[in-house]
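**Student:** This is the structure, below, for whatever I ask next.
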Amino acid sequence: MRIGTKTHPEAFCKPPGLFANAQPQYAALNIATFPFDGATKRPMVSHYNRIGLPASQQMAIRFPDAPGLAAVAGARNRFTVVDIDERGPAGERLLADVQRQFGNSRFVVRTGGGGFHAYYRHVGEARKIRPDPRKPIDLIGGGPIVLPPTRGARGSYEIIHGRLEDLVALEPMRAKSETVADSAFDGLRSARDGERDKKFWPHVARQAHHARSLDELIEIAREMNEMMTEPWPDTEAHSEIVKRCKYWWDKTQKGENWFGVGRHVRIDHALVDDLMMGDPDAFTLLMFVRRHHWGRDFCLANEACNLMPGGGWRRQRFTAARSRLIEGGYFIVVKPATFRPPSPMLLRLSNNGQQ
């Protein structure tokens, strides 16, 4: 120390930060951890999936003030986590369902967001995000998992059942079902960079219906990116995933995301305000045609009046509605009907009819 400088006495006895304090406890259980930022939900180092115990110990020195820590689930650290992304009584019910299905977990954590992590011994499970889209449950058999006592943006991760030492005595899942069964996400494992539009982004669009926030959708997309054979690098993935997730989140909030909702007939407000309110018969016939004849030319013979709702329409009612749709520009006559030789009228939906 140079003469004339002043050093505060507390500088020599500054207590270790959260990561520096917790890392040795996990290392004693042969679990390699790395620093994690719970506020942004991102690792503070790269190549975290290659970290062993020596590197983990060095990081405790390099990142003494890190606010959290994480480890890679799977064979290396010998645990699989069922992640329940639901809080409160609903989350507790899902946790009870999970334990009835897979067996009681010896180590259960309440996450910073109020959800739950149930730990089991790893026996080859993969990482599956929302294998059942109806339930906010993920199977984390690979990739990063945040550990207690990490501090997140909304709260800290805390052990609510068991002790840290129980991580070396976990039981495997008792049974496997749809939660861990093969799912559509398995196709991501074989997807390469040029196949993202067909095999990656449709999954993101479907998950937008189930995510509770844009941040949650971004996190799901990041995890799916890691499942791909050729994942994007961190920097490129961050910008592109955020941009695309914002797009699909906005589309979903506006009711314009049709992925994962089955077949549908889209109805614009103007069509409801004008045609439905002014001519219910024409509107009904137009919806019938759009349901059965979208994307191609079609015939609309008079006998189709028997297919209309309410047990069928009188022929005059049907032909009058058809004529009004032609006059209004909803139907385009491709070929008029002829009598010699007999040939039915051929129609096409116009842009006004929204083909």
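Coordinate-derived values only; no laboratory data. Everything numeric here is computed off the predicted structure, so don't read it as measured data. With ideal geometry, Cβ positions are generated from the backbone for all residues, glycine too; neighbour counts draw on all protein chains shown.
**Student:** Please compute the length gained on full extension between residue 346 and residue 293, using 0.36 nm multiplied by the number of residues separating them and subtracting their Cα-Cα distance. Could you put the intermediate results ahead of the total?
**Tutor:** Working: separation 53, 0.36 × 53 = 19.08 nm, distance 1.18 nm.
Between residue 346 and residue 293, full extension yields 17.9 nm more.
**Student:** Here's something else I'd like to know. Starting from the range 62-156, pick out the trypsin sites (Lys or Arg not before Pro) whose DSSP state is loop and whose Cβ has at most 10 other Cβ atoms within 10 Å.
**Tutor:** Numbers: sites: 62, 76, 78, 87, 93, 100, 106, 110, 121, 127, 128, 134, 151, 154; in loops: 76, 78, 87, 106, 127, 134, 154.
Sparse-neighbourhood loop trypsin sites (Lys or Arg not before Pro): 134.
**Student:** Tell me, what is the FRET efficiency for residue 215 and residue 251 to the nearest 0.05, using R0 = 22 angstrom and their Cβ-Cβ distance as r?
**Tutor:** Working: r = 17 Å, r/R0 = 0.77.
So the FRET efficiency works out to roughly 0.80.
**Student:** Determine the gain in length on full extension of the stretch residue 267-residue 154; use 0.36 nm per residue of separation and subtract their C-alpha separation, reporting nm with one decimal. Before the final figure, lay out the partial values.
**Tutor:** Working: separation 113, 0.36 × 113 = 40.68 nm, distance 4.01 nm.
Full extension from residue 267 to residue 154 adds 36.7 nm.
**Student:** Same structure again: Given Cβ point charges of +1 (Lys, Arg) and -1 (Asp, Glu) and nothing else, what value in debye, to the nearest 20, does the dipole of the range 36-173 about its Cα centre take?
**Tutor:** Values: 20 positive and 14 negative charges, 50 e Å.
Rounded to the nearest 20 debye, it is 240 debye.
**Student:** Now for a separate question. Could you list the trypsin sites (Lys or Arg not before Pro) in the range 295-355 that lie in coil according to DSSP, counting only those with at most 16 other Cβ atoms within 10 Å of their Cβ? Working shown, then result.
**Tutor:** Details: sites: 296, 314, 315, 317, 322, 324, 348; in loops: 296, 314.
Answer by residue number: 296, 314.
**Student:** Computed FRET efficiency, Cβ-Cβ of residue 99 and residue 316, R0 51 Å: what is it to the nearest 0.05?
**Tutor:** Details: r = 65 Å, r/R0 = 1.28.
Taking R0 as 51 Å, the efficiency between residue 99 and residue 316 is 0.20.
**Student:** Also, quick follow-up: Diagonalise the Cα gyration tensor of the range 269-349 and give the resulting equivalent ellipsoid semi-axes, square root of 5 times each eigenvalue, largest first, whole Å. List each step's numbers first, then the result.
**Tutor:** Working: eigenvalues 87, 46, 26 Å².
With the √(5λ) rule applied to the range 269-349, the semi-axes are 21, 15, 11 Å.
**Student:** Here's something else I'd like to know. Note down the magnitude of the dipole of the range 269-349 about its Cα centre, charges +1 on Lys and Arg C-beta and -1 on Asp and Glu C-beta and zero elsewhere, to the nearest 20 debye.
**Tutor:** On the way: 11 positive and 7 negative charges, 76 e Å.
Roughly 360 debye, rounded to the nearest 20.
**Student:** So, one more: Tell me, what is the FRET efficiency for residue 55 and residue 307 to the nearest 0.05, using R0 = 56 angstrom and their Cβ-Cβ distance as r? List each step's numbers first, then the result.
**Tutor:** Details: r = 70 Å, r/R0 = 1.24.
It comes to 0.20.
**Student:** Label points 7 Å out from Cα along the Cβ direction at residue 164 and residue 21: separation in nm?
**Tutor:** 1.0 nm
**Student:** Give, rounded to the nearest 20 debye, the magnitude of the charge dipole that the range 109-150 has about its Cα centre when Lys and Arg contribute +1 at Cβ and Asp and Glu contribute -1 at Cβ.
**Tutor:** Numbers: 7 positive and 3 negative charges, 19 e Å.
Here the range 109-150 has a charge dipole of around 100 debye.
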